[in-house]
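First comes the structure, then the notes that go with it.
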Amino acid sequence: MRKLFRYLNWTVSVDRDREQVHLFLCEGEEEDGTKCRADSGERPDFESARGWTFEHIRERQDHRSFAHMSYTAWHMVPGREPE
Ligand SMILES: [Zn+2]
């Protein structure tokens, strides 16, 4: 037995069956210079994660710098399945 390999036209695209993840991280500093690093936690939608920054600024009005990190799952799809 031997497998037959042939050229397949691959495309790479967002895998909509897997959830996106968004996280906002506070980059503000405490008075001693240490980074706050409080974060929104991983959330499936951008607006919810961004909304956390407004909660945080209510508690820490001197923390005004944030980072946004996101995860998007991608997958490779062959033009047609190998035989
Ligand atoms: Zn903070």
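Before moving on, here are some points about what is shown:
- Around residue 19: net Lys/Arg minus Asp/Glu count, Cβ-Cβ under 13 Å: -1
- Net charge in the neighbourhood of residue 75 (other residues with Cβ under 12 Å of its Cβ; Lys, Arg +1, Asp, Glu -1) is 0.
- Estimated from the Cβ-Cβ distance and a Förster radius of 41 angstrom, the FRET efficiency linking residue 73 and residue 35 is about 0.90.
- Relative contact order %, the chain, counting alpha carbon pairs below 8 Å whose residues are six or more apart: 46 percent
Each reported figure results from applying straightforward, stated rules to the coordinates on display, with no laboratory input. Remember, it's a predicted structure, so these values are computed and weren't measured experimentally. Virtual Cβ from ideal backbone geometry, glycine too; neighbours counted across all protein chains shown.
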